[in-house]
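All remarks here apply to the structure that follows.
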Amino acid sequence: MSTHPMPPSPASRSVRLTGWGRYAPAQVLTNADLERMVDTSDEWIVSRTGIRERRVAAAHETTASMGAVAGLRAIATAGLVPDEIDVIILATLTPDYWMPSTAALVKEAIGNTRATAFDVMAACSGFVYAYATASAYIAAGMARHVLVIGAELLTRFLDYSDRSTCILFGDGAGAVVLSASDEAATPVGIEMTTEPQGAYMIWLPAGGSKSPPSAETIARGEHKIRMEGRETYRFATRTLASTALAAVGRAGLHAGDIDLFIPHQANIRIIEAVAKGLDLPMERMYVNLDRYGNTSAASVPIALAEAVNEGRVKPGDHIVLVAFGAGFTSGAVAMEWTADPARGPIGDAAVRPEDVRVRLPVDWDSVDPIPPALAEVLGRPVVPGVELPLDDVVPGEPAHAHSSTR
Ligand code: UT7
């Protein structure tokens, strides 16, 4: 099924991206670490995927806590305060709970009292779907400022004995603020596709209504992500370029007009295939999967925030956000960049991860969330990173972690 959002009519308000932010947990899981867990090698992982390391959330972190940090940074970058946000839309396939929504937890954690908050589930395409939803809210006059978050804690849903999946994924969060503007509309095009014949190519079998959680589903290992890698790869290479091109066309642009593609960070070979399919050099493709692996719905907004903060995007540039994932789904947004890139570091500096808390019920405590295979990795001291100094200010688990967040 393909949706065909119309470009904003002259009567509807124009939509501008005004804020961006990202958060990645401090602890790093390297290919060398994975070599000690499964029958794999750094050489295989780098040559087949391009991934060198990924981040792992600490015991006190959750999808909501990471999403709240990225969200607050995006709000600060936009020059807003949290209560100016009208709608919070959070894309994830790894929510803190089945209910309430993770967006509701984020709303409280960021100190917002006004917003409507809900989650979007479209797997790795989730952030683009959430972006499209936010854009429609604003164009329809239903909201002025919308916070769109992609946040994932995938390392708690991986089978660390399955070398075909556990090497791929990592944790993190990214966010943007979309705002209504009275200025003239800039080019924008959105495309989304859903192909349910791929429904069981990436899936997590148990825990839902078809197979509720039980000792048996746990024993069968059905609460972990399963994937048919080759089929997913074929879908990605078939779809990413066509979805991106459809969005570019809807914006009234051509592929050659695009200054930077910010694709879902799943596999460097997939990104290279897209560049080839679009007849564009790799310099037009933003890549950071070597440092984060695949962070699903968080991958595009983390990459966007880093691309802007690294000076790869300037006002007037045309960029494309494009993703694919379980469902099978795909989604792309083509747009003109209008914000001042210099604001990114301001947002990052305004929010310290250790100041953000997600409330727990007073009469409940979770069991240890850390997969046994990752206990050793998470127990060692954090090596301060050079590329993300703001995320590495908390070495290990803070002392207050057990009282507030888990
Ligand atoms: O967000 C969407 C998420 N999913 C994706 O993006 C996944 C898309 N797919 C892919 O990225 C690739 O298919 C993978 C990276 C998952 C796998 O790469 P591939 O080139 O398609 O490898 P393959 O599945 O065809 O496997 C080739 C060989 C197999 O051995 P045999 O049967 O040829 O003896 C696998 O058992 O590589 C083996 N293999 C590994 N070897 C070392 C699979 N995983 C590993 C591993 N280390 N980690």
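Miscellaneous remarks
- The residues of the range 30-41 that are touching a residue at least 12 places away in the same chain (Cβ under 8 Å) and either crowded, with 19+ Cβ neighbours inside 10 Å or more than 9 Å from the ligand (Cβ to nearest atom) (or both), listed by number, are THR30, ASN31, ASP33, LEU34, MET37.
- Within the range 184-235, the set of residues being touching a strand residue (DSSP E or B) at 6+ places or on another chain (Cβ under 8 Å) and within 12 Å of the ligand (Cβ to nearest atom) comprises MET201, ILE202, TRP203, ILE225, ARG226, MET227, GLU228, THR232, PHE235.
- The single residue among VAL248, VAL274 that is within 14 Å of the ligand (Cβ to nearest atom), assigned to a helix (DSSP H, G or I), of a type in the set (Val, Ile, Thr) and surrounded by 19 or more Cβ atoms within 10 Å (Cβ to Cβ) turns out to be VAL274.
- Apart from one condition, GLU84 fits all of (1) under 30 Å from GLU272 (Cα atoms); (2) in contact with a His (Cβ under 9 Å, 6 or more places away or on another chain); (3) surrounded by fewer than 23 Cβ atoms within 10 Å (Cβ to Cβ); the exception is (1).
- Options LEU153, LEU178, LEU245; residue that is in contact (Cβ under 8 Å) with a residue 12 or more places away in the chain, within 30 Å of ASP368 (Cβ to Cβ) and hydrophobic (A, V, I, L, M, F, W, C): LEU153
- Selection of the range 329-364 for residues being over 20 Å from ALA251 (Cβ atoms), among the small types (Gly, Ala, Ser) and under 20 Å from the mean Cα position of the chain (by Cα) yields GLY344, GLY347.
- Scanning the range 214-245 for residues that are crowded, with 16+ Cβ neighbours inside 10 Å, touching a Leu at 6+ places or on another chain (Cβ under 9 Å) and more than 19 Å from MET335 (Cα to Cα) returns GLU222, HIS223, LYS224, ILE225, ARG226, MET227.
- Test: residue in the range 43-53 that is of a type in the set (S, T, N, Q), surrounded by 19 or more Cβ atoms within 10 Å (Cβ to Cβ) and touching a strand residue (DSSP E or B) at 6+ places or on another chain (Cβ under 6 Å): no
- Unique match (being in contact (Cβ under 8 Å) with a residue 12 or more places away in the chain and not in a loop (DSSP other than H, G, I, E, B)) among LEU280, LEU304: LEU304
- The helices (runs of 4 or more DSSP H) falling completely within the range 44-144 that include 1 or more residues that are without any contact (Cβ under 8 Å) to a residue 60 or more places away in the chain and closer than 26 Å to LEU378 by Cβ map to 102-109.
- Of the residues making up the range 338-372, those that are among the small types (Gly, Ala, Ser) and either surrounded by 13 or more Cβ atoms within 10 Å (Cβ to Cβ) or in a loop (DSSP other than H, G, I, E, B) (or both) are ALA339, GLY344, GLY347, ALA350, SER366.
- Sole exception among (1) under 17 Å from the mean Cα position of the chain (by Cα); (2) over 18 Å from GLU191 (Cβ atoms); (3) within 12 Å of the ligand (Cβ to nearest atom) for HIS264, by number: (2)
- Of all residues in the range 167-195 being assigned to a loop (DSSP other than H, G, I, E, B) and touching a helix residue (DSSP H, G or I) at 6+ places or on another chain (Cβ under 7 Å), the one that is nearest to LEU105 (Cα to Cα): GLY170
- Within the range 42-60, considering residues that are within 18 Å of the chain's Cα centre (by Cα) and β-branched (Val, Ile, Thr), the one nearest to the ligand (Cβ to nearest atom): ILE51
- Qualifying residue in the range 291-298 (condition: modelled with pLDDT of 95 or more, closer than 23 Å to ARG48 by Cβ, buried (at least 19 other Cβ atoms within 10 Å of the Cβ) and among the charged types (D, E, K, R)): yes
The values are calculated or read from the model by the stated rules, or taken from the named source; none is laboratory data. None of the values given here were measured: they were computed from a predicted structure. Glycine also receives a Cβ, built like all others from the backbone with ideal geometry; neighbour counts cover every protein chain displayed.
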